[in-house]
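K.L.:
Pasting a structure below so you can have a look.
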Amino acid sequence: MLFMVIEHFRDARAVHQRFVKHGRMLPDGVTYCASWVEPVRRRCFQLMDAEDVNALQPWIARWADLVDFDVVPVVESSTYWAALAPEDGQVDLS
C-alpha cells in the first residue's frame, strides 16, 4: 500500500541533525518512494510503501519527539479512475 505521510516539524534543525546522523531509520518492510518539503510551514510530504499502516509505526515512534505525523492511505490516480464504476459513481478499491 502507498501512504502519503505528512510530517509537521516541531524543530526542523533537530530533524535535519538526526537525519544526517542516523538516516531515515525506516523499519524492514517500509520503502521510501519520494518526498517534498513545504519550507514556509515546515512540512514534509513523504510517499511510503508498506504492507499496512502498522508497518510505519516503528519509524513514526523514532521521530515522534520532533515531528507530528498525518498518515493518509493513497492510490495512484490511474488505479482510482480504473476502479470507478461508471453506472453508480462508486469506487471499489478493495
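Bear in mind these aren't lab numbers, they're just calculated from the coordinates by the rules spelled out. Just so you know, these numbers come straight off a predicted model, no measurement behind them. FYI the Cβ positions are ideal-geometry reconstructions off the backbone, even for glycines, and counts take in every protein chain you see.
K.L.:
Run through all the Cα pairs of the chain and give the fraction in each 10 Å bin from 0, expressed as whole percent.
P.N.:
15, 43, 25, 13, 4, 0
K.L.:
Work out how much length Arg24 to Asp52 would gain on full extension: take 0.36 nm times their residue separation and subtract the Cα-Cα distance, in nm to one decimal.
P.N.:
Result: 8.2 nm gained on full extension.
K.L.:
How do Ser78, Ser35 line up, fewest other C-beta atoms within 10 Å first?
P.N.:
By the 10 Å Cβ count, ascending, the order reads Ser78, Ser35.
K.L.:
Please give the helix 12-22 orientation as an angle from the longest Cα principal axis of the chain, in degrees from 0 to 90, rounded to the nearest 10.
P.N.:
The angle comes out near 90 degrees.
K.L.:
Using Cα pairs under 8 angstrom and six or more residues apart, how large is the relative contact order of the chain, in percent?
P.N.:
39 percent
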